[in-house]
Amino acid sequence: MRRWVRGTGAVPFRFGSFWIFLRLWLFVGGAAEAATAVWIDTDPAIGAPWREVDDAFALVLAFHSPEIEIAGLSNTYGNASLPRTDKVTRELVRRFGGAAGVTESEVHAGAGAPGETSSTEASEALARALRKQKLTYLALGPLTNLTAFLKLHPELAARIERVIFVGGQSTPGRVGFGRNGSQRVHDANVFKDPAAVAALLRSAIPVVLTPIELAPPLALTRADLETLRKSGGAGEYLFRETRVWLWFWTGFAGERGGLPFDVLGILPALRPVSLLTEERFVSLNAAGELVARKKAGRGARRVRFGTGVSGGAKELVVERLRRRP
């Protein structure tokens, strides 16, 4: 049925078309605002000399990204002992978690050593969270906490929509960084508990691997850290607490900046197009390395494997570290 709308010029309008347009507008608007619900498993050691500090950058990035809804955080040994990582996570949440509505009550201690599969505060908190909603699990450290959870609560495994894990490599052997790849680094999150990695591969949970070899385009230079310092707040804190880390990567390893490996575990949840991926087939070799190959092999598991970061990814990271939009 045709209707006419009064105005300076009469134009035909169909009420059916109006309702289709309104529903589409509401759907698109709602989808644009929907955040990805995540659980973050982390092993931060910022403030401890000669330790990797990349988890702190990853956590601040998550706190400053409204595209991510943080349902909870768990701690694990890794870059430091569990008491240290738990203390640092709580400090970061107290300082900067308020931007994302995260409080210290949502931080939960987990495994203190490889192979631990007993019930912990972390495993039970994750179970409670998954009973409420499905979650994406962001694994920034060894997978020991996840393995314990899968053993204790197998009925909830299907509630994990995917695991984004900072681990895996395209070729066997240590990954080279710095001058001519002379700084050789092992795939730490795999190396520290390969049995936990094997347990994840045996599960049916979809897996996205973000290998540390992708980090150089995200290198944070001295100029980047100065930009963060001038922004105050979280940026100033990160500048102050990462000067030794920056010196190691620039003065010793020969990189153009510090490599924030664990930021790679946040990017796919924040902005999926920022991580370039392809289908790969992964398995643990005799050395305990998680190697991704393009062709299926015996016992290999199909995953999405990161092959690069998009242009603009670093700019996004720096801007979000400075402030929450």
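Run the accessible area of the chain with a 1.4 Å probe and give the carbon-and-sulfur part as a rounded percent.
Within the chain, the accessible surface is 55 percent carbon and sulfur.
Could you run the Karplus curve 6.51 cos²θ - 1.76 cosθ + 1.60 with θ = phi - 60° over the stretch 132-140 and give me ³J(HN,Hα) per residue in whole Hz, x for Gly and Pro?
These are the phi-based 3J(HN,Hα) values: 8, 7, 6, 9, 8, 9, 9, 9, 9 Hz.
Can you compute the label reach from Arg324? Point 7 Å from Cα along the Cβ direction, backbone N cut-off under 13 Å, restricted to the stretch 220-262.
From the stretch 220-262, the list is 234.
In debye to the nearest 20, how big a dipole does the chain give about its Cα centre with +1 on each Lys and Arg Cβ and -1 on each Asp and Glu Cβ?
Dipole of the chain, to the nearest 20 debye: 1160 debye.
Taking every eigenvalue of the Cα gyration tensor of the stretch 44-130, multiplying by 5 and rooting it, what semi-axes result, largest first, whole Å?
20, 18, 10
Multiply the residue gap between Glu278 and Arg90 by 0.36 nm, knock off their C-alpha separation, and tell me the result in nm, one decimal place.
64.1 nm
Skipping prolines and chain starts, which residues have an amide H placed within reach, meaning under 5 Å, of the one on Ala37, given they are 5 or more residues away or on another chain?
For Ala37, the qualifying residues are Glu69, Thr136.
With the other protein chains left in place, how much accessible area per residue, in square angstrom, belongs to the stretch 189-250 at a 1.4 angstrom probe?
I get 40 Å² per residue for the stretch 189-250.
Order of 44-54, 127-137 by packing, highest average Cβ count within 10 Å first?
Going from most to least packed, we get 44-54, 127-137.
Let me have the relative contact order for the chain, percent, based on Cα pairs under 8 Å that are six or more residues apart.
Relative contact order comes out at 18 percent.
Points 7 angstrom from Cα along the Cβ direction at Lys132 and Arg271: gap in nanometres?
2.9 nm
Provide the per-residue ³J(HN,Hα) series for the stretch 242-255, in order, calculated from phi with Karplus coefficients 6.51, -1.76, 1.60 and θ = phi - 60°, each as a whole number of Hz, with x at glycine and proline positions.
10, 5, 5, 4, 5, 4, 4, 6, 8, x, 9, 7, x, 7
Using only the Cα atoms, what convex hull volume per residue in Å³ does the stretch 257-325 have?
Cα-based convex hull of the stretch 257-325, divided per residue, equals 112 Å³.
Among Ala139, Ala269, Ala34, determine the one that fluctuates most according to a GNM of the chain built with springs between C-alpha atoms less than 10 Å apart.
Evaluated over the chain, the most mobile residue of the options is Ala34.
At 1.4 Å probe radius, can you tell me the per residue accessible area of the stretch 38-132 in Å²?
35 Å²
Separation between the Arg222 and Thr307 pseudo-spin-labels, each 7 Å from Cα along Cα→Cβ, expressed in nm?
Modelled inter-label distance: 3.7 nm.
Helix 54-63 against the longest principal axis of the chain: what's the angle in degrees, Cα atoms only, rounded to the nearest 10?
20 degrees
Based on DSSP H runs of at least 4 residues, each adding -39500 (n - 2.57), what is the mean residue ellipticity at 222 nm of the chain after dividing by all its residues, to the nearest 500 deg cm²/dmol?
That comes out to -10500 deg cm²/dmol.
Based on the mean of other beta carbon atoms within 10 Å per residue, what is the order of 86-95, 271-280, most packed first?
Those peptides, ordered most packed to least, come out 86-95, 271-280.
Rounded to whole Hz and in sequence order, give me ³J(HN,Hα) for the stretch 154-162 from the Karplus expression 6.51 cos²θ - 1.76 cosθ + 1.60, θ = phi - 60°, writing x for Gly and Pro.
So the Karplus estimates, Gly and Pro as x, are x, 5, 9, 4, 5, 7, 8, 5, 6 Hz.
Specify whether the C-alpha gyration tensor of the stretch 29-185 places it in the rounded, prolate or oblate class, a ≥ b ≥ c being the square roots of the eigenvalues: rounded for a/c under 1.5, otherwise prolate if a/b is larger than b/c and oblate if not.
rounded
Would you kindly work out the equivalent ellipsoid of the chain from its C-alpha gyration tensor and give its semi-axes, the square roots of five times the eigenvalues, largest first in whole Å?
For the chain, the semi-axes come out at 36, 25, 21 Å.
Length gain on complete extension for the stretch Lys295 to Glu124, per 0.36 nm per residue less the alpha carbon to alpha carbon distance?
Length difference between fully extended and current span is 57.8 nm.
Run the paramagnetic zone check for Glu161: 7 angstrom along Cα to Cβ, then residues of the stretch 70-92 with backbone nitrogen under 16 Å.
Backbone N within reach: 70-72.
Is the stretch 117-166 rounded, prolate or oblate when judged by the Cα gyration tensor, a ≥ b ≥ c being the square roots of its eigenvalues, rounded requiring a/c under 1.5 and prolate requiring a/b larger than b/c?
Taking the square roots of the gyration eigenvalues as a ≥ b ≥ c, the stretch 117-166 is oblate.
The values are calculated or read from the model by the stated rules, or taken from the named source; none is laboratory data. Fair warning: this is a prediction, and the values are worked out from it, not measured in the lab. Reconstructed Cβ throughout: ideal geometry from the backbone, glycine too, with neighbour counts over all protein chains shown. Remember, those area values only see protein heavy atoms, side chains included, never the ligands or the DNA or RNA. Shrake-Rupley method; radii C 1.70, N 1.55, O 1.52, S 1.80 Å.
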